[in-house]
Ligand SMILES: Nc1nc2c(ncn2[C@@H]2O[C@H](COP(=O)(O)OP(=O)(O)O)[C@@H](O)[C@H]2O)c(=O)[nH]1
Ligand SMILES: [Mg+2]
């Protein structure tokens, strides 16, 4: 499979001033010499301004770079054509390259080759995808951390510790004449504990890492007229949702993505929840409000601070509570005469945010509070897990190490078995023991030309 020469547009389907077409494989150089008007001795990593031919006609004038194996992204001979970004040129160049012996690359196939040639481990390869997908500063930094190999390095260290311990245990299993001194229980426990602590710490970052990568989903809920739509508008900074004095204005859920302190936040404004919907549309709207709450990471409960809590709000509170989510309580309309705060007993733990959508009071504080956990986690050592596959592998390794701790004093074979499994999961994270079909699935989710 590595012996094929593959080609693809690396710059996506959009039309741009320049597009990059990439070729990788043993025939790259030969194909290059056939497509340019003049074959030459190509100095690797130098750019040449060349004429590309389509038979007797000129296809384009392009900047061409040759990377000689193994000093390239894929580890193979690679050629990159920076052509004018027309759909015709891109499409025709691919046809010509294929006519000269290349074939269209599959999704992620360049990265897969880089991985197979040991240029990247699986985590770094996935980091590339995340870097490309990152739409804000925090997600970008997180992805860059994986791409740079921070997470890989941490995993390698843990692997090393486990592998050394396992080797010492296994030699003694083979030592039937018991010539070697036995390993001390406390030493084994300590070594396992070191790795276990790291794994637990990494796994614990998933809840926040996931939010940073995918965005924090926030549902604005409350009874009609409390000011949910006004709050959405205040948060996004323009009149996104319709605001009126009439209760029941918002029928559908309104979604808006915003960037708060470099973090992605997905806000959903919902239809007000009350006892009686006036018509079917409002009824469906209320159903969607409940769904938005179920899907949310954070529920912002908007109340009218100039009124005391109504019966409908007490009912709503029961619904909100059931969700077991992080809840921020907003007392809106604080520019009016403020009603005395009289919260039910089980609500007392919530500190309300005093807000006026009309004057803007308190909106900045609410924004900061929304992304607080994300910005805080980011300022730690920067290694965060954001990928479900990584998280699950860590949990499996954790389970086996916990089992191993229980077996420290009860015979080497069981202990060794759990350590072997834990080691396997760490290797699987890095792609060292991952079966080909699983690798195929992972790389097929990459973008074209990557
Ligand atoms: N005085 C004042 N009125 C507000 C404030 N926020 C919203 N309103 C008014 O309350 C009414 C209902 O607002 P809206 O955002 O549509 O509420 P929703 O039904 O919860 O979406 C509108 O007349 C708004 O102008 C506020 O902070 N102060
Ligand atoms: Mg509304």
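The values are calculated or read from the model by the stated rules, or taken from the named source; none is laboratory data. Please read all numbers here as calculations on a predicted model, not as lab measurements. Glycine also receives a Cβ, built like all others from the backbone with ideal geometry; neighbour counts cover every protein chain displayed.
Observations on the structure shown:
- Here residue 306 meets the list (1) at pLDDT 90 or above; (2) surrounded by fewer than 16 Cβ atoms within 10 Å (Cβ to Cβ); (3) under 37 Å from the mean Cα position of the chain (by Cα) almost entirely, failing just condition (3).
- Any hit, the stretch 386-393, residues being closer than 30 Å to residue 198 by Cβ, touching a residue at least 40 places away in the same chain (Cβ under 8 Å) and in a loop (DSSP other than H, G, I, E, B): yes
- Matching entry among 242, 260 (being over 30 Å from residue 277 (Cβ atoms) and either in contact (Cβ under 8 Å) with a residue 24 or more places away in the chain or within 16 Å of ligand 1 (Cβ to nearest atom) (or both)): 260
- Qualifying residue in the stretch 260-268 (condition: surrounded by fewer than 18 Cβ atoms within 10 Å (Cβ to Cβ) and either within 16 Å of ligand 2 (Cβ to nearest atom) or part of a strand (DSSP E or B) (or both)): yes
- Residue check for residue 406: touching a helix residue (DSSP H, G or I) at 6+ places or on another chain (Cβ under 7 Å) and either within 16 Å of ligand 1 (Cβ to nearest atom) or not assigned by TED's automatic domain parsing to the domain that holds residue 227 (or both): no
- Here the condition is being assigned to a strand (DSSP E or B) and either touching a residue at least 24 places away in the same chain (Cβ under 8 Å) or more than 14 Å from ligand 2 (Cβ to nearest atom) (or both); of 300, 278, 338, it holds for 300 alone.
- Scanning the stretch 411-435 for residues that are without any contact (Cβ under 8 Å) to a residue 12 or more places away in the chain and either outside any helix (DSSP H, G or I) or under 23 Å from the mean Cα position of the chain (by Cα) (or both) gives 411, 433, 435.
- Among residues that are within 15 Å of ligand 1 (Cβ to nearest atom), at pLDDT below 85 and more than 29 Å from the chain's Cα centre (by Cα), residue 277 is included.
- In this entry, residue 235 passes the filter for residues that are assigned to a helix (DSSP H, G or I), assigned by TED's automatic domain parsing to the domain that holds residue 333, under 25 Å from the mean Cα position of the chain (by Cα) and within 16 Å of ligand 2 (Cβ to nearest atom).
- Qualifying residues in the stretch 165-181 (those that are touching a helix residue (DSSP H, G or I) at 6+ places or on another chain (Cβ under 9 Å) and surrounded by 11 or more Cβ atoms within 10 Å (Cβ to Cβ)) - the one farthest from residue 409 (Cα to Cα): 180
- Which numbered condition residue 209 misses (of (1) within 30 Å of residue 447 (Cα to Cα); (2) over 19 Å from the mean Cα position of the chain (by Cα)): (2)
- Total residues in the stretch 194-207, condition surrounded by 20 or more Cβ atoms within 10 Å (Cβ to Cβ) and more than 19 Å from residue 155 (Cβ to Cβ): 0
- Residue in the stretch 397-410 that is farthest from the chain's Cα centre (by Cα), counting only those that are at pLDDT 90 or above and surrounded by fewer than 16 Cβ atoms within 10 Å (Cβ to Cβ): 406
- Flag for residue 257 being within 14 Å of ligand 2 (Cβ to nearest atom) and surrounded by fewer than 22 Cβ atoms within 10 Å (Cβ to Cβ): no
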